[in-house]
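Inspection log for the structure reproduced underneath, given as structure tokens.
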Amino acid sequence: MTARVLTITSGKGGVGKTTTTANIGVALALQGKRVVCLDADIGLRNLDVVLGLENRIVYDVVDVIEGRCKLRQAMIRDKRLPNLYLLPASQKRDKSAVKPDDLARVCEDLKADHDFVLIDSAAGIEEGFRTALAPADGVIIVTNPEVSAVRDADRVIGLIEAAEKGPAKLIVNRLKPDLVARGDMLDTGDVLEILAVELLGVVPEDETILVSTNRGNPAALEERSRAGQSFRNIARRLLGEDVPFESFRDAPGLLKRLGRLFGADGRS
Amino acid sequence: MNILNRLLGQKPPSSRDTAKQRLQLVLVHDRSQISPGMLDLLKDEIIAVISKHIEIDRAGVQVTFSQEGRDNKLVADIPLANGRRARGPS
């Protein structure tokens, strides 16, 4: 068995790359897959806190590359999911500490014992992005249904094609169905038409993401989280299942508005 | 929702539609790396070249991009002076 290496990137920062990486990692591990989440955002480490593993870091990926520890020593095993690992970024170095070949070598070593290596890329289109792209067998683009995020996603998709790492797959994150319904947000179909790439998933804006990040307990672990459900669906699609795309037409958008109209409470 | 708005009154286009149109336009220039100014320059030169051989309606010339998937093409719409329209993709 050899792992699939998937790089999660976006162009624009703050669209939810790290949250996406953590939650897909968790969701794949819930499906019994052996997963490594690799934080390639050197100097701006965050995958550790999103996964809730920040207190257990001793070594990081730069220590591995520079030979200060063995690969296994730097990998942190998740207590909730014993087949999920984090390989943390260094917080005291910068992007120049890891070259594309270095990361490719680390991923090569991880491949034999795992099913998936998920690389959380740095934002931007510079060195950090190029490094995260080098080991990729496939690329997942995360965007928000918003003008600047979609524009940056388009730029990154072009660069991925030029690097012959395409075709990238798209996740539309933080969709607000009620804003779409009232004509104030791009819908998934609009984004797909503009970017002309394959859709991997749609994740609704969901407060449970903030709460789960506060606690270091990814939403994909929570049965009732809508965003968590979307991430679990994405994982199943990655495993080849034909899972229909969510429309989110039911709640809290239209139903809530209809409920208000008839004097019902606006619970979602 | 959008159709309803339009039926009920002449409201301006939704911000969703505006966002989509603006994105489509800006991405055409991003992808081709041809700025709006460059497009005007191209148009002027196309008019100059064609006018040497054929009489055209200069004011009616349109040079635009069209998108098919992730591929863009440059489309020049060049009306002839006698009223017939000639259409030539570059």
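Residue pairs, Cβ under 7 Å, 6 or more apart or interchain, first in segment A:180-203 and closer than 19 Å to A:R232 by Cβ, second of a type in the set (D, E). List them.
Within 7 Å, the pairs are A:V202/A:E246.
In the set A:L133, A:L87, A:L118, which member is touching a Gly at 6+ places or on another chain (Cβ under 9 Å), on the phi < 0 side of the Ramachandran plot and either within 14 Å of another protein chain (Cβ to nearest Cβ) or crowded, with 18+ Cβ neighbours inside 10 Å (or both)? Break it down into steps so the answer makes sense when it comes.
Numbers: A:L133 fails: touching a Gly at 6+ places or on another chain (Cβ under 9 Å); A:L87 fails: touching a Gly at 6+ places or on another chain (Cβ under 9 Å).
Residue meeting the stated conditions: A:L118.
Being among the β-branched types (V, I, T) and under 20 Å from B:L74 (Cβ atoms) is the filter here; which residues of segment B:16-34 pass it?
B:V26, B:V28, B:I34
Go through segment A:123-170 and count every residue that is outside any helix (DSSP H, G or I) and more than 21 Å from A:R4 (Cβ to Cβ).
Final tally of qualifying residues: 8.
Return yes when A:V172 is within 13 Å of the chain's Cα centre (by Cα) and farther than 13 Å from A:I125 by Cα and no when it is not.
Yes, satisfied.
Condition first: away from chain B (no Cβ under 14 Å) and either over 26 Å from A:V26 (Cα atoms) or surrounded by fewer than 19 Cβ atoms within 10 Å (Cβ to Cβ) (or both). Now tell me which residues in segment A:174-204 satisfy that.
A:L199 - this is the single residue of segment A:174-204 that is away from chain B (no Cβ under 14 Å) and either over 26 Å from A:V26 (Cα atoms) or surrounded by fewer than 19 Cβ atoms within 10 Å (Cβ to Cβ) (or both).
Scan segment A:233-250 for residues that are within 17 Å of the chain's Cα centre (by Cα) and crowded, with 18+ Cβ neighbours inside 10 Å and jot them down.
Matches in segment A:233-250: A:N233, A:I234, A:A235, A:L238.
Has segment A:183-201 got at least one residue that is among the β-branched types (V, I, T) and in a loop (DSSP other than H, G, I, E, B)?
Yes: segment A:183-201 contains one or more residues that are among the β-branched types (V, I, T) and in a loop (DSSP other than H, G, I, E, B).
When only residues in segment A:145-173 that are away from every other protein chain (no Cβ under 12 Å) and crowded, with 22+ Cβ neighbours inside 10 Å count, which is nearest to A:E207 (Cα to Cα)?
Selected residue: A:N173.
Could you tell me which of the residues A:A27, A:A40 is under 10 Å from A:D120 (Cβ atoms), crowded, with 24+ Cβ neighbours inside 10 Å and touching a helix residue (DSSP H, G or I) at 6+ places or on another chain (Cβ under 6 Å)? Walk me through it before giving the result.
Working: A:A27 fails: under 10 Å from A:D120 (Cβ atoms).
A:A40 is the lone residue from the list that is under 10 Å from A:D120 (Cβ atoms), crowded, with 24+ Cβ neighbours inside 10 Å and touching a helix residue (DSSP H, G or I) at 6+ places or on another chain (Cβ under 6 Å).
When both residues are 6+ apart or on different chains and their Cβ atoms are under 6 Å apart, which pairs have a first residue that lies in segment B:42-53 and is more than 13 Å from B:T64 (Cα to Cα), and a second that is of a type in the set (D, E, K, R)?
From residues that are more than 13 Å from B:T64 (Cα to Cα), the pairs are B:I47/B:R58.
What strands (runs of 3 or more DSSP E), lying completely within segment B:48-90, carry at least 3 residues that are at pLDDT 75 or above and under 24 Å from B:R31 (Cα atoms)?
Passing ranges, in order: B:62-68, B:71-79.
Specify which of the listed residues (B:R16, B:R31, B:R22) is under 27 Å from A:L195 (Cα atoms), touching a residue at least 40 places away in the same chain (Cβ under 8 Å) and either within 14 Å of chain A (Cβ to nearest Cβ) or in contact with a Lys or Arg (Cβ under 6 Å, 6 or more places away or on another chain) (or both).
Exactly one of B:R16, B:R31, B:R22 is under 27 Å from A:L195 (Cα atoms), touching a residue at least 40 places away in the same chain (Cβ under 8 Å) and either within 14 Å of chain A (Cβ to nearest Cβ) or in contact with a Lys or Arg (Cβ under 6 Å, 6 or more places away or on another chain) (or both), namely B:R31.
Name, by its number, the condition in (1) more than 16 Å from A:V15 (Cα to Cα); (2) touching a Gly at 6+ places or on another chain (Cβ under 8 Å) that does not hold for A:V172.
Here A:V172 meets the rest and fails (1).
The values are calculated or read from the model by the stated rules, or taken from the named source; none is laboratory data. This structure is a prediction, so every number in the text was calculated from the model and none was measured. So basically every Cβ, Gly included, is an ideal-geometry build from the backbone, and we count neighbours across all protein chains shown.
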